[in-house]
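As structure tokens, the structure follows; a few thoughts come after it.
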Amino acid sequence: MSELVWSDTIPTQFGLISIRDFETADHPSVETGQEAVISTPGHVFVASQTDTDGDVAAAVRVGEPDIPGLRLVFDGVMHFNSSSLCVVVPTEPDEETVAIPAPGMRKAKIGVEGDPPHSIAIFFDPAEWAGSSRE
């Protein structure tokens, strides 16, 4: 069972949600516009419903994906230069969302609900998450 660390609604922009390290200067490049997810080591773009369809529910959780109907779109490692995870629209440069225990590599899984996605959940490994807090 996963534990909820943070949740909010995020406005979309260009049908994308940005999940990234606060200090990253590394941004993924959209190639076709049809990708469900594109990533660089410190930044993941996840496709979502369009701007006109409304905000997207976003959650950061610790543990394995356990939400019925969730479709896994990313299963990898993210690199954090800072101790802050941002879940924002792609052009928002400064919003800090969730404190992470320390800079470094973090196993992450990202799942979405809906087609197009109206909900996004980011899951982190419990062993790597000990000691984190919400900002």
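The values are calculated or read from the model by the stated rules, or taken from the named source; none is laboratory data. Remember, predicted model here, so these are calculated numbers, not experimental data. No Cβ is skipped: glycine too gets one built from the backbone with ideal geometry, and neighbour counts run over all protein chains shown. Remember, those area values only see protein heavy atoms, side chains included, never the ligands or the DNA or RNA. Shrake-Rupley method; radii C 1.70, N 1.55, O 1.52, S 1.80 Å.
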Full-stretch length increase - residue 118, residue 32 - with 0.36 nm per residue and alpha-carbon distance subtracted
28.9 nm
Computed helical MRE - 222 nm, the chain, DSSP H runs ≥ 4 contributing -39500 (n - 2.57), nearest 500
-500 deg cm²/dmol
Lys and Arg at +1, Asp and Glu at -1: add these up for the other residues within a Cβ distance under 11 Å of residue 10 and post the number.
-4
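Taking only protein heavy atoms into account and a 1.4 Å probe, give the accessible area per residue of the chain in Å².
49
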Limiting things to C-alpha atoms, what are the Rg and the maximum Cα-Cα separation (Dmax) for the chain, in angstroms?
13.4, 39
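What percentage of the solvent-accessible surface of the chain, computed with a 1.4 Å probe over protein heavy atoms, is contributed by carbon and sulfur atoms? Before the final figure, lay out each step's value.
Working: 3290 of 6590 Å².
Carbon and sulfur atoms account for 50 percent of the accessible area of the chain.
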